[in-house]
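S.K.: Here you go, one structure.
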Amino acid sequence: MRAVSAQLSAAIAAQQPLGGIRTEHDSLGTRELPAEAYYGVQTLRAVENFQISGIKLRKFGHLVNALAHVKKAAALANAELGALAQPKADAIVAACDELLTGHLRENFIVDMVQGGAGTSTNMNANEVIANRGLELMGHRKGEYRYLHPNDDVNRSQSTNDVYPTSVKLGVYLSLQDASAALGELQNALRAKAVEFSDVIKMGRTQLQDAVPMTLGQEFGAYAVMIGEAVNHLQRIGGDLLAVNMGATAIGTGITSPPGYADLVTVKLAEITGLPIVQAENLVEATQDSGDFVAVSATLKRAAVQLSKICNDLRLLSSGPRAGLGEINLPAMQPGSSIMPGKVNPVIPEVVSQVCFQLIGYDMTVTMAAEASQLELNMAEPIMAHDLMMGTMMLRNAAVTLTSRCITGITANREHCRDLVAHSIGLVTALVPTLGYEQSAAIAKEALESGGSVYDLVLERGAMTKAELDDLLSPEKMTAPRSRRL
């Protein structure tokens, strides 16, 4: 923190000979800032106070865009209700529109993890929008008598409705990205299910031989898992579109004009194109973070499913000579600094690590939501960080797994079939004909002698060759059979 303060002071001092500074004040006093900065004094204090994660607000474009949407909606509603002069509203709207194109994003410099329940984030947005609005009105940055960060950009608002609404919108938009990436992963797994539909292999339970299946069935199951994750994320995402705009400080709407809460929600829905609605109870919505908990839990569910698939990919590709070796993952990089020729399953490894992080984020979000006291939850910034970071990492992990692993997987077809032919698991098919006891005896003998189930049944005369060929056909064992009731 000392280093950051020194850097800020040095940057300001370097501009003094050129007159490249401006002075701003707040309730704590006066500070100097670089003249070209669009942020203001409260943002400067937040940067000094919160050197925590190193992850700046600008890292998450969806969250910056959500703040711009919220400020634009507020300006439009205030102007329509006569609470804000039209020239000021026009300048705010124009500045917000520029933010939505990615302009000035480098000025969103507060740390995502902060005290104050998100006030620093809200003020960062207020100051950037105000200073850009001033330029558009023909004034210099910092001339707040013409357009003020609090009185105008933040009119009829509080951090306590702006911040949770913006976080909800930001997370919602990030969920759409993650869901799209998972959808591409699902498609890739489906394609492999078709490609491997004729590859006979052994299924396993508790890492022991079970019964035959196809490799296509295995990958088809993975595709269904990912599809379930997508469906759950999309369903839970809709809950984020009930917002508390107009609640202001604690849900009572103090300092806002009559009709503002309803109107600003309508404006927000119009400019985003999303079915945003007002929360049923603004007092409840201002203090309850249950929606964030539900989203986090759903992200955790997706992470668990995704990591299970990665575990399987590493097992199925283990070896290549001393493991299962049923599939080959595409080689991405040399796997050892000492063992020549070793190639590790680095893509499933990194995706599983992302999943571990998401599971940890869920615990943090849960504890942060529980920390809400009375009319406000002070811990929303850590929830915002973890949900935004989690959805981004999930999206990136899904893209990486799809493009750098799944699409390049090949099957060791003959090896898979050989494992089936020598497996004791085939004896399961004999149970309906020979009974459990005799089938178990054959399995035990096969294990002890190293012989095959097929040969032992013939030697015992328990079945004819034709009957055996029908029952022990691996192809017939991989699909459910019709039953007579």
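The values are calculated or read from the model by the stated rules, or taken from the named source; none is laboratory data. Source: prediction; values computed, not measured. Reconstructed Cβ throughout: ideal geometry from the backbone, glycine too, with neighbour counts over all protein chains shown. All accessible areas refer to the heavy atoms of the entire protein, side chains included, with ligands and DNA or RNA removed. Shrake-Rupley method; radii C 1.70, N 1.55, O 1.52, S 1.80 Å.
S.K.: How many nm separate the modelled label positions at Ser473 and Leu315, each set 7 Å beyond the Cα in the direction of the Cβ?
M.R.: 3.0
S.K.: Output the 0 to 90 degree angle, nearest 10, between the alpha-carbon long axis of helix 119-136 and the longest principal axis computed from the alpha carbons of the chain.
M.R.: Long axis of 119-136 versus the principal axis of the chain: about 60 degrees.
S.K.: With all protein chains present and a 1.4 Å probe, how do Glu106, Glu143, Glu445 order by accessible area, largest first?
M.R.: Order by accessible area, largest first: Glu106, Glu445, Glu143.
S.K.: Here's a follow-up. Quick one: length gained pulling Tyr146 to Glu228 fully straight, 0.36 nm per residue minus the C-alpha distance? Write out the running numbers ahead of the final one.
M.R.: Numbers: separation 82, 0.36 × 82 = 29.52 nm, distance 5.27 nm.
Between Tyr146 and Glu228, full extension yields an extra 24.3 nm.
S.K.: If DNA, RNA and ligands are ignored and the probe is 1.4 Å, what is the ranking of Phe108, Phe356, Phe50 by accessible area, most exposed first?
M.R.: Phe356, Phe50, Phe108
S.K.: Using the Cα atoms as the points, what is the convex hull volume per residue of the stretch 356-485 in Å³?
M.R.: Convex hull volume per residue, Cα atoms: 249 Å³.
S.K.: Can you tell which of Thr433, Asn344, Ala371 lies farthest toward the positive end of the dipole of the chain, using +1 and -1 charges on the Cβ of basic and acidic side chains (Lys, Arg; Asp, Glu)?
M.R.: Asn344
S.K.: Tell me, what is the per residue accessible area of the chain in Å², probe radius 1.4 Å?
M.R.: Details: 22120 Å² over 485 residues.
That works out to 46 Å² per residue.
S.K.: May I pose another question? For Lys476, tell me the accessible area in Å² from a 1.4 Å probe, rounded to the nearest 10.
M.R.: Spelled out: Lys476, probe radius 1.4 Å, area about 100 Å².
S.K.: Could you calculate the contour length gain from Ala191 to Ala85, that is, 0.36 nm times the residue separation minus the distance between their Cα atoms, to one decimal place in nm? Walk me through the numbers before you get to the answer.
M.R.: Working: separation 106, 0.36 × 106 = 38.16 nm, distance 5.80 nm.
Contour length minus the Cα-Cα distance gives 32.4 nm.
S.K.: If you don't mind, another one. Sorted from largest to smallest, which semi-axis lengths in Å does the alpha carbon gyration tensor of the stretch 324-412 give for its equivalent ellipsoid, taking the root of 5 times each eigenvalue?
M.R.: 39, 13, 10
S.K.: Further question: Once Rh for the stretch 177-316 is found with the Kirkwood sum over Cα pairs, what is the Stokes-Einstein diffusion coefficient at 25 °C and 0.890 mPa s, in µm²/s?
M.R.: On the way: Rh = 18.3 Å.
My calculation gives 134 µm²/s for D.
S.K.: Which translational diffusion coefficient, to the nearest whole µm²/s, is obtained for the stretch 155-245 from the Stokes-Einstein equation, given a Kirkwood hydrodynamic radius over C-alpha pairs, 10 °C and 1.306 mPa s?
M.R.: Working: Rh = 15.9 Å.
Translational diffusion coefficient: 100 µm²/s.
S.K.: Please compute one quarter of the surface area of the Cα convex hull for the chain and express it in square nanometres.
M.R.: 31.8
S.K.: What GluC sites (Glu not before Pro) in the stretch 268-322 are in a loop by DSSP, with at most 12 other Cβ atoms within 10 Å of the Cβ?
M.R.: Qualifying residues, ordered by number: Glu280.
S.K.: May I pose another question? Suppose every K and R has +1 on its Cβ and every D and E has -1 on its Cβ; what is the size of the dipole of the chain about the Cα centre, in Debye to the nearest 20? Could you put the intermediate results ahead of the total?
M.R.: Details: 40 positive and 50 negative charges, 153 e Å.
That gives the chain a dipole magnitude of about 740 debye.
S.K.: For the chain, what is the calculated [θ] at 222 nm in deg cm²/dmol (nearest 500), taking -39500 (n - 2.57) for each run of four or more DSSP H residues and dividing by its residue count?
M.R.: -19000 deg cm²/dmol
S.K.: At 20 °C and 1.002 mPa s, grab the translational diffusion coefficient of the stretch 16-114 from Stokes-Einstein with a Kirkwood Rh over Cα pairs, rounded to a whole number in µm² per second.
M.R.: For the chosen part, D equals 141 µm²/s.
S.K.: Using a 7 Å offset from the Cα along the Cα-to-Cβ direction at both Met367 and Ile52, what is the distance between the two label points in nm, to one decimal?
M.R.: With each label placed 7 Å out from Cα toward Cβ, I get 1.3 nm.
S.K.: How tilted is helix 86-100 with respect to the longest principal axis of the chain? Cα atoms for both, answer in degrees (0 to 90, nearest 10).
M.R.: The helix 86-100 is inclined about 30 degrees to the chain.
S.K.: Carbon and sulfur atoms: what percent of the 1.4 Å accessible area of the chain do they account for?
M.R.: Carbon plus sulfur share of accessible area: 54 percent.
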